[in-house]
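The values are calculated or read from the model by the stated rules, or taken from the named source; none is laboratory data. What you see is a predicted model; the values in this text were computed from it and never measured. In this analysis, Cβ positions are derived from the backbone assuming ideal geometry, glycine residues included, and neighbour counts consider all displayed protein chains.
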Amino acid sequence: MDLPKVFLTSGGTEPASRRHPWIYSGAVAGVDGEPEDGELVAVHKAKGDLLGVGFYNGRSEVRLRMLKFGPPEDLPGLLRGRLRRAISLRSAVVPPETDMFRLVNSEGDGLPGLVVDRYGPYLVVGMLAKWTEHYQGLLVDLLREELSPKAIFFRAGGKVAEQEGLSPRAEWIGPGERYVWTKEYGHKFKIDLEKGQKTGFFLDQRENRKFVEGLSGGKVLDIFGYTGAFSVYAASGGAERVVMVEASSEAVELARENFRANGVEGVCEVVEGDVFEVLPEGDLGGPYDLVVLDPPALAKARSAVPKA
Ligand SMILES: C[S@@+](CC[C@H](N)C(=O)[O-])C[C@H]1O[C@@H](n2cnc3c(N)ncnc32)[C@H](O)[C@@H]1O
């Protein structure tokens with residue numbers, strides 16, 4: 001396989017040899033050839049022997065994202081193998097009556113910078129590294145062959161896209177639609193695939209929501225409720241009353257639809273507003289037996305901690 005070669009410094013070789021999937025710009029001594037940003041390259045240790053293959057990005061501080069340690073393999077075969085492994089791991093853990101879940105979790109599935117979420121018949125791809133743009137056509141082919149989705153929505157944007165040199169995008173490949181109804185543990189949720197937060201839903205909180213369902217009774221306060229997921233679980237777990245606070249009017253609208261779809265609109269109430277104004281006003285009708293607090297990232301850097 002004739003790939004461009006990247007050589008590491010001796011200081012950079014040591015941590016990379018311990019198989020960290022990210023190699024920073026300061027660990028790169030030189031490049032043989034002219035790889036495009038996002039292209040697969042062979043990565044060599046300082047003394048010249050091969051470390052593995054990774055995706056190169058000349059404009060990112062994370063200069064290399066390692067795909068494989070050891071000899072190169074053909075890229076489609078390598079990506080297909082990772083995808084199949086991720087799919088088979090999910091089939092062992094996704095609960096019944098659940099048709100939305102994270103299928104590919106970036107480094108955790110050996111595909112650094114790639115997120116793939118399933119929402120019923122659709123896939124939403126979160127592009128977090130340049131290679132997902134460089135090889136987008138290949139990814140579309142592989143996802144279609146392995147998962148037969150009705151359509152795939154590609155999302156890139158924000159600070160990550162800027163740092164990676166990714167063109168911001170929100171595009172369907174195939175016949176997509178903005179909203180889809182999906183299920184999680186049998187509960188119904190309407191997802192905004194195009195404009196929703198994250199890829200449309202906070203899929204990572206599934207087991208916490210299930211936990212809350214088991215705890216619920218009495219009065220529950222769901223702060224930063226988004227589209228009402230914790231509230232639905234709390235109501236279905238037997239809460240007498242659930243009050244949810246959320247600032248986004250789009251999310252509040254979906255929460256109301258979700259309450260109706262799950263038959264809990266009589267139990268769940270929405271307060272649309274800023275938590276930091278609503279809470280100090282103190283008229284949320286407490287005391288509460290259970291408070292769910294799932295805030296946004298209030299401190300994304302150490303410097304933001306005091307304000308957060
Ligand atoms: C991490 S998400 C909550 C996810 C939700 N618990 C779930 O499981 O779907 C944080 C939510 O807080 C909302 N939010 C952010 N700042 C807020 C504020 N100051 N007041 C009220 N809601 C806010 C966002 O719109 C977002 O829906």
When you scan region 54-63, do you find a residue that is hydroxyl-bearing (Ser, Thr, Tyr) and farther than 23 Å from Lys159 by Cβ, even just one?
no
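Report whether or not Ala170 is loosely packed, with under 15 Cβ neighbours inside 10 Å, closer than 30 Å to Glu61 by Cβ and either among the aromatic types (Phe, Trp, Tyr) or in the same structural domain as Leu114 (by TED's automatic domain parsing) (or both).
yes
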Could you name every one of the strands (runs of 3 or more DSSP E) located completely within region 148-231 that has at least 3 residues being within 28 Å of Arg80 (Cα to Cα) and within 16 Å of the ligand (Cβ to nearest atom)?
179-184
Output the residues belonging to region 1-19 that are at pLDDT below 95, in contact with a helix residue (DSSP H, G or I) (Cβ under 7 Å, 6 or more places away or on another chain) and of a type in the set (A, V, I, L, M).
Ala16
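What residue, of Val291, Val267, is among the aliphatic types (A, V, I, L, M) and within 14 Å of the ligand (Cβ to nearest atom)?
Going through Val291, Val267 in turn, just one is among the aliphatic types (A, V, I, L, M) and within 14 Å of the ligand (Cβ to nearest atom): Val291.
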Region 181-215 - residue that is touching a Leu at 6+ places or on another chain (Cβ under 9 Å), among the hydrophobic types (A, V, I, L, M, F, W, C) and outside the structural domain of Tyr226 (by TED's automatic domain parsing) and, of those, nearest to Arg241 (Cα to Cα)
Phe189
Failed criterion for Thr13 (all others in (1) on the phi > 0 side of the Ramachandran plot; (2) assigned to a helix (DSSP H, G or I) hold):
(1)
Of all residues in region 232-264 being in contact (Cβ under 8 Å) with a residue 60 or more places away in the chain and within 11 Å of the ligand (Cβ to nearest atom), which is farthest from Pro295 (Cα to Cα)?
Asn258
